[in-house]
1. Restricting segment B:121-138 to residues that are of a type outside the set (D, E, K, R) and farther than 17 Å from B:G165 by Cβ, which is farthest from the other protein chains (Cβ to nearest Cβ)?
2. On the basis of being under 22 Å from B:Y232 (Cβ atoms), more than 12 Å from chain A (Cβ to nearest Cβ), of a type outside the set (K, R) and in contact with an Asp or Glu (Cβ under 9 Å, 6 or more places away or on another chain), does B:A166 make the cut?
3. Any residue at all in segment B:435-445 that is surrounded by 14 or more Cβ atoms within 10 Å (Cβ to Cβ) and over 28 Å from B:T353 (Cβ atoms)?
4. State whether the residues of segment B:34-43 include one that is part of a helix (DSSP H, G or I), touching a residue at least 24 places away in the same chain (Cβ under 8 Å) and under 30 Å from B:D474 (Cα atoms).
5. Check segment B:449-468 and report whether any residue there is surrounded by 13 or more Cβ atoms within 10 Å (Cβ to Cβ), closer than 30 Å to B:P264 by Cβ and touching a residue at least 24 places away in the same chain (Cβ under 8 Å).
6. Which residues, taken from segment B:54-111, are away from chain A (no Cβ under 14 Å), in contact (Cβ under 8 Å) with a residue 60 or more places away in the chain and in a loop (DSSP other than H, G, I, E, B)?
7. Tell me which residues, restricted to segment B:142-153, are within 10 Å of chain A (Cβ to nearest Cβ), touching a residue at least 24 places away in the same chain (Cβ under 8 Å) and in a helix (DSSP H, G or I).
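The values are calculated or read from the model by the stated rules, or taken from the named source; none is laboratory data. Everything numeric here is computed off the predicted structure, so don't read it as measured data. Note: ideal-geometry Cβ built from the backbone for every residue, glycine included; neighbour counts use all protein chains shown.
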Amino acid sequence: MIAAAAFWIFAAAAILSGLMVIASKNPVHSVLFLISAFISAAGLFVLMGAEYLAMLLIVVYVGAVAVLFLFVVMMLDVDFVELKQGFLSYLPIGALIAAVVVVELIMVVFVWAFPSDAELKLAHPAPTAAQTVADPDGPNNIEAIGLILYTDYVHYFQIAGMILLIAMIGAIVLTFRVREGVRTQDPAEQANRAKEIELVDIRPGEGLS
Amino acid sequence: MGLAETLTYAWPELALAVGAMALLIAGVFLGNGASKHISLASVVLLLIAVGLVLFAPGTANVSLFDGAFRVDGFSTFAKVIIYLAAAIAILMSDRYLAGEELGRCEYPVLIVLAALGMSLMASATDLISLYMGIETQSLALYILASFNRDSRRSTEAGLKYFVLGALSSGMLLYGASLIYGFTGTTSFAGIAEVAAQAENNTGLVIGLVFLISGLAFKVSAAPFHMWTPDVYEGAPTPVTAFFAAAPKFAAMALFVRTLTTSVPGVIDDWRPIVAMIAVASMAVGAFSAIAQNNIKRLMAYSSIGHMGYALIGLAAGTSQGVSSVLIYMAIYVAMTIGAFACILMMRRRGGLTENIADLAGLTKTNMPLAVILTILLFSLAGVPPTAGFFGKWYVFFAAVDADLVWLAIIGVLASAVSAFYYLRIVWFMWFDDPAPAFERDTGPVLTVTAWGSAALMFPVLTVFMGLLTRLAGDAAASLF
């Protein structure tokens, strides 16, 4: 019951925020709605028992991708008045394409052979008790992935690491420049300036004469 | 097999990966002043890897990591050539990079990492390891293409290569996912098993078309060749020399292993595709190169054409065909490295020259270079006593034996057309009024490489062709 309620709340939130991503005028708001859509989707994943995917979605998409989007949107000065110019002249062909897609969708839906309940049962047999109720003592999602990732798939895991290393080298090689004349702080040098520094105990109200 | 024993078979890759990381750390601490030493150390590392491949312990053919990685005669043959080509590419770059003030310690490290990716490709026997090998290699190559980051042409080349490479990876992955969907497995052996039992393999073949498209991009075969001339022209010349040799061999080895071990059951479906790609590549190589004035662009079209000839052997699909591909590619790599050594020697005050017109009358200004280049051009064209002729000979014979006579005939016609533009350069060099002379002081590496390559093409390989065919035959036999 609670799970069903949670599902409807998350699903409605996901669809609504998805709609707002394309409907809101301000691109910053769009990105914020996108984050909300990601979080709702993560909630749906949790309900399906895929807690690892849910966390991945939060960490990778909300934590990194959406922030990057926000960065780009704020840094680029997008002129919406200019973007909307020519909207009317492109409207006829746009409407035509939209109409064609709608007709196609209708045709697809009408020829769709919906399977009967018996066929559905055959294709998706009812899950056994072991499949529906996760074994509380068995490995959870993350443990299960960890168990094979570092054993059966260690080869791929290591190559993926090398690919990321190459990407990192590439980013540094292609963009990093050593700038001349930058004054950086050198704590060791500062600490060794003992001879040039004189510590003076100044009394209150007298100042340094 | 336990992990410790498994790793003994993967020594070459382990050495390259660990060595590349150690060199990277050394490079970061020592700074770019030490880039020369890092280069030399990388060459030593690659030579050590060659030794590890040749003196591998235990049985010859072994499958590791649940069938993701295979060490056999085929992979050994491919890895030796890939590592040697990469080592020579590093040696050839030193002087150029120092002259252009590009001598940075990451350069040799990236070539070593690319070699690592290529050796993963040569050993891949699973769709996942196939893709990851390709990405390891490609990512390093994208960076190398735009290594001269202050040059607009170099960055443009890198960006073009990256965007089109990403597109081709997408197609490859789409094909791989379809194949997985229709067969239920990603391992080549499993796919072969399912394909042999299934009555209808239409879905598998559709996936295969996308997979072949992605692989054809990596070997730059037409109609997926568009990136090649621009990338070759824009990238720094030693990088182009590297691109034209080792990665081509690795991609071709992967192409051959994928098609002959995972889908031998549906050869009647993929043979026409490979044959059409071969014909298109030979045609593009033969006709587009005629109008080129830039020698790097000419070499790009030449390499497209050569991939077409090599694919004829793959279209045959037999053990003989595979061994002819290996022979062809080995000869191609050797002569391409030599040709690029010559291009790197076309240096006047103020940098490299790249126009074919600059070669005019070379016999009067620089006789040794003219002789080397003439031998190499004859070999590229496939004129009889040179090794290039034998490469084509074996490929065409494999096609005839597999009842693909029409393909062999088209191949002969295309090589006749392409002989025109190679011999045109020879004509320029021997019978035209001389252009200003090139600088004589080009360093020992380029001279030795160019002489060595020319000597291999004629007469060394002409005499020792039997040895090469035996090695390639053994390597090909391990796939069947």
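1. Top of the filtered list is B:A122.
2. No.
3. No, that holds for no residue.
4. yes
5. yes
6. Hits for segment B:54-111 are B:A60, B:N61, B:D72, B:E100.
7. Within segment B:142-153, B:I143, B:L144 meet the criteria.
Each row is one residue, and each column tells you yes or no for (1) crowded, with 23+ Cβ neighbours inside 10 Å; (2) touching a helix residue (DSSP H, G or I) at 6+ places or on another chain (Cβ under 7 Å).
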{"position": "B:V266", "(1), (2)": "no, yes"}
{"position": "B:I273", "(1), (2)": "no, yes"}
{"position": "B:A280", "(1), (2)": "no, no"}
{"position": "B:N294", "(1), (2)": "no, yes"}
{"position": "B:L298", "(1), (2)": "yes, yes"}
{"position": "B:Y301", "(1), (2)": "yes, yes"}
{"position": "B:H306", "(1), (2)": "yes, yes"}
{"position": "B:G338", "(1), (2)": "yes, yes"}
{"position": "B:G351", "(1), (2)": "no, no"}
